[in-house]
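The next block holds one structure in the form of structure tokens; read it before the comments.
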Amino acid sequence: KQEVTQIPAALSVPEGENLVLNCSFTDSAIYNLQWFRQDPGKGLTSLLLIQSSQREQTSGRLNASLDKSSGRSTLYIAASQPGDSATYLCAVGGGSQGNLIFGKGTKLSVKP
Amino acid sequence: SQTIHQWPATLVQPVGSPLSLECTVEGTSNPNLYWYRQAAGRGLQLLFYSVGIGQISSEVPQNLSASRPQDRQFILSSKKLLLSDSGFYLCAWSWASGLYNEQFFGPGTRLTVL
């Protein structure tokens, strides 16, 4: 059974810092990995999708990497801003009908 | 462009009452549709998914059911709510061409069962 773990559960950094969020999964037989952002009381916003054949994806100040063999993904956020404060969720695609299996998230707080 | 709607946004219901949550998608045809639940202290859990009208698959046994009466409409229901049904319910869609496409989520419904 696939399990997804995100460490740390919470992170507080000063504005301007570069930071890395970690995601690990137990079964390397995944089809893709998706990173989401969730603001309090809101739905999920898709940030990046990495297919299993890819090593990384970039969007603006965000860069996500994928190492299937070691069961790891990282989300790198450059020059963090207070507006980046949110919970970041990692999810792997590998269910029978394309459903996602989620980690519990990392709650990020960026202090001005 | 595609948009996904959910209503109501919030709902407070007594134990034993019925439930109906609605999700609709605009701007695409024959999408894959998903219902997830996010309970306090737990990650998002897939409840149901649908690859077409009338085609519903359940991931976990529970007090809930789902229906897809129209191509872009997905409904989550219960005949009698339990306290454990409280949570944040999220609907998602993905392109039907290929199973492992990017999923896009709606704004969610916060359900509190008292």
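Largest GNM mean-square fluctuation across A:S24, A:S65, A:S12, computed for chain A with C-alpha springs under 10 Å, falls on A:S12. Charging the Cβ of each Asp and Glu at -1 and of each Lys and Arg at +1, and nothing else, the dipole of the protein assembly as shown about its Cα centre rounds to 360 debye. Note on A:A9 and B:A96: their simple-model spin labels are 4.2 nm apart, each label 7 Å out from Cα toward Cβ.
About the Cα centre of chain B, how large is the charge dipole given +1 on each Lys and Arg Cβ and -1 on each Asp and Glu Cβ? Please answer in debye to the nearest 20.
300
Students often forget the sequence filter, so: which lysines lie under 17 Å Cα-Cα from A:K107 once same-chain residues fewer than 8 apart are removed? Excluding near neighbours in sequence, the set is A:K42.
When the charge dipole of the protein assembly as shown is built from unit charges on Cβ atoms (+1 for Lys and Arg, -1 for Asp and Glu) and taken about the Cα centre, the candidate among A:F25, B:L46, B:W95 whose Cα reaches farthest toward its positive end is B:L46. On the beta carbon distance between A:N18 and B:Q73, with R0 = 45 Å, the FRET formula returns roughly 0.55. Using C-alpha pairs under 8 Å with a sequence gap of at least 6, the mean separation divided by the residue count of chain A gives a relative contact order of 37 percent.
Sparsely packed loop sites in the stretch B:34-114 (the trypsin sites (Lys or Arg not before Pro) outside DSSP H, G, I, E and B with at most 14 other Cβ atoms within 10 Å) comprise B:R42, B:K79, B:K80. First measure r as the distance between the Cβ atoms of B:S65 and A:D39, then evaluate 1/(1 + (r/R0)^6) with R0 = 41 Å and state the FRET efficiency to the nearest 0.05. Calculated transfer efficiency: 0.85. Surface analysis of the protein assembly as shown yields an accessible area of 46 Å² per residue, using protein heavy atoms and a 1.4 Å probe. Ligands, DNA and RNA left out, the accessible area of chain B computed with a 1.4 Å probe is 54% carbon and sulfur. Couplings 3J(HN,Hα) for the stretch B:83-96, derived from phi with the Karplus relation 6.51 cos²θ - 1.76 cosθ + 1.60 (θ = phi - 60°), are 4, 5, 7, 4, x, 9, 9, 10, 9, 9, 9, 8, 4, 6 Hz, where x marks Gly and Pro. Chain B against chain A buries an accessible area of about 1800 Å², both chains summed, 1.4 Å probe radius.
The distance separating the Cα centre of the stretch B:27-42 from that of the stretch B:55-71 comes to 11 Å. Distant-in-sequence amide contacts of B:L81, defined by a placed amide H-H separation under 5 Å and a gap of 5 or more residues or a different chain, comprise B:G16, B:S17. Shape class of the stretch A:63-105 from the Cα gyration tensor (axes a ≥ b ≥ c, square roots of the eigenvalues): oblate, since a/c reaches 1.5 or more and a/b does not exceed b/c. Against the criterion of solvent-accessible heavy-atom surface with a 1.4 angstrom probe, A:T106, B:T24 sort, most first, into B:T24, A:T106.
The values are calculated or read from the model by the stated rules, or taken from the named source; none is laboratory data. What you see is a predicted model; the values in this text were computed from it and never measured. Please note: Cβ atoms are built from the backbone with ideal geometry, for glycine as well, and neighbour counts cover all protein chains shown. Areas reflect the complete protein model, heavy atoms only, side chains present, ligands, DNA and RNA absent. Shrake-Rupley method; radii C 1.70, N 1.55, O 1.52, S 1.80 Å.
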